[in-house]
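The values are calculated or read from the model by the stated rules, or taken from the named source; none is laboratory data. Computed from a prediction, not measured in an experiment: that's the story for all the values here. Reconstructed Cβ throughout: ideal geometry from the backbone, glycine too, with neighbour counts over all protein chains shown.
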Amino acid sequence: MKKDNTKVIYWLLTGCILIFIMVIVGGITRLTHSGLSISNYKLIAGTIPPMNEVEWQEAFELYKQYPEYQKLNTHFDLEDFKDIYFWEWLHRVIGRFIGLVFFIPFLYFLITKQLSKPTIKKSIILLCLGGFQGFLGWYMVKSGLVDNPDVSHYRLAAHLTTAFITFAYTFWVALDLIFPNKNDINKKMRNLIWLGLTILLLQIVYGAFVAGLDAGFIHNHWPMMSEGKFMHETVYIEQNPVYKNFIEGKSGVQFVHRTLAYVVVFIILMIWYRGKQLILTTPQLYGINALLIMVFVQFLLGILTIIYAVPVWLGVTHQVGAFLLLTAMTFTLHRFSK
């Protein structure tokens, strides 16, 4: 049987689509403040939600024992609880489903010898990334169940960024199989795209910081943070010492996220411009054009998200934009690296 066949490619691309859905649902979960609604972690039994009023009441009583209810949501009734429970439950169920979709076909392809040795090694890395992502999800939720009824923005950033990296690596492995023939490598162009990818990942981390600190609900102006001020004075006075403003202060984190957006646009313009000076294959041309389109779409979504103070639908759309921009960056880097 042929190794690394079309079935394997479809399997990997299916994983990419599921991770994409997972990130969307995760964004909704965060923006609706649903992430702490399920206080206990049951890997198998937790797949089935409460099925009757008695079970719902038990779940609600458990929720009442934790800080989010006691400090923020004492006004909640059972129907309010059901609303937030749904998104967190769906997020966890999709995570479990992704694990099965990666693991069971991997075993099948392994037993039937449909994977080459390089693909086996890459698939094992994917499984490890998936397992680590699940651990980070539990670790993140745990931080909001002690005293402060909110998850650590550091843990949220780790959880979200790992999801993006897992997607990018899955997509990369699929691209290795879709494009088995290597291109001539333009090292300068490849290194520039690597720089763009690095800055984009840093921007994704800061996007998670903004979400985790609810920093999008302040300074809802553009291009200035407030009228007449590119940098609001609160950027550097919220935290002490000063550097903490840029990793823990709401104003400082938002300022970095805003500023990095300009850097991402600039780097991608450079990638596009330099790419146009080269003789490109059709996939390479598609890649740099997709980057150019997506970076401006994402930039516009970021502006609208901040101006309208992060409505759920716009916040989720902005996160989807980041995902699609990372997809374009990964594809372009692959086409200039292989």
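Just to verify a result, which residue in region 133-163, among those that are surrounded by 16 or more Cβ atoms within 10 Å (Cβ to Cβ) and touching a Phe, Trp or Tyr at 6+ places or on another chain (Cβ under 7 Å), is farthest from THR14 (Cα to Cα)? The qualifying residue farthest from THR14 (Cα to Cα) is LEU145. Comparison of LEU177, LEU90, LEU100, LEU192 shows that the only residue that is in contact (Cβ under 8 Å) with a residue 12 or more places away in the chain and within 24 Å of GLY26 (Cα to Cα) is LEU90. Restricting TRP138, TRP172 to residues that are closer than 21 Å to LEU326 by Cα and in the same structural domain as PHE102 (by TED's automatic domain parsing) narrows the list to TRP172. If we scan region 4-11, do we find a residue that is surrounded by 16 or more Cβ atoms within 10 Å (Cβ to Cβ) and not in a helix (DSSP H, G or I)? Yes, because at least one residue in region 4-11 is surrounded by 16 or more Cβ atoms within 10 Å (Cβ to Cβ) and not in a helix (DSSP H, G or I).
Checked against (1) assigned to a helix (DSSP H, G or I); (2) under 26 Å from THR29 (Cβ atoms); (3) of a type outside the set (A, V, I, L, M, F, W, C), GLU248 passes all but condition (1).
Among residues of region 22-42 that are closer than 23 Å to PHE102 by Cβ and in the same structural domain as HIS159 (by TED's automatic domain parsing), those with a Cβ under 6 angstrom from a residue that is assigned to a loop (DSSP other than H, G, I, E, B) and not polar (S, T, N, Q), sequence gap 6+ or separate chain, pair up as THR29/GLY35. In region 52-71, the residues that are assigned by TED's automatic domain parsing to the domain that holds LYS82 and under 12 Å from LYS82 (Cα atoms) form Cβ pairs under 6 Å with partners that are surrounded by fewer than 16 Cβ atoms within 10 Å (Cβ to Cβ) and aliphatic (A, V, I, L, M), at six or more places apart or across chains, as follows: PHE60/LEU78. For region 60-80, the condition holds for no residue, the condition being that it is surrounded by 19 or more Cβ atoms within 10 Å (Cβ to Cβ) and within 18 Å of the chain's Cα centre (by Cα). Would you be able to say whether some residue in region 221-235 is assigned to a helix (DSSP H, G or I) and either of a type outside the set (Asp, Glu) or touching a helix residue (DSSP H, G or I) at 6+ places or on another chain (Cβ under 6 Å) (or both)? Yes, some residue in region 221-235 is assigned to a helix (DSSP H, G or I) and either of a type outside the set (Asp, Glu) or touching a helix residue (DSSP H, G or I) at 6+ places or on another chain (Cβ under 6 Å) (or both). Restricted to region 35-147, the set of helices (runs of 4 or more DSSP H) holding at least 2 residues that are in contact with a helix residue (DSSP H, G or I) (Cβ under 6 Å, 6 or more places away or on another chain) and farther than 26 Å from ALA168 by Cβ comprises 53-63, 78-111. Figure legend. Inter-residue proximity from region 310-338: first residues closer than 18 Å to THR198 by Cα, second residues polar (S, T, N, Q) and assigned to a helix (DSSP H, G or I), beta-carbon distance below 7 Å, spacing 6+ or different chains. Indicated pairs: GLY321/GLN298; ALA322/GLN298; LEU325/GLN298; ARG335/GLN284; PHE336/GLN284.
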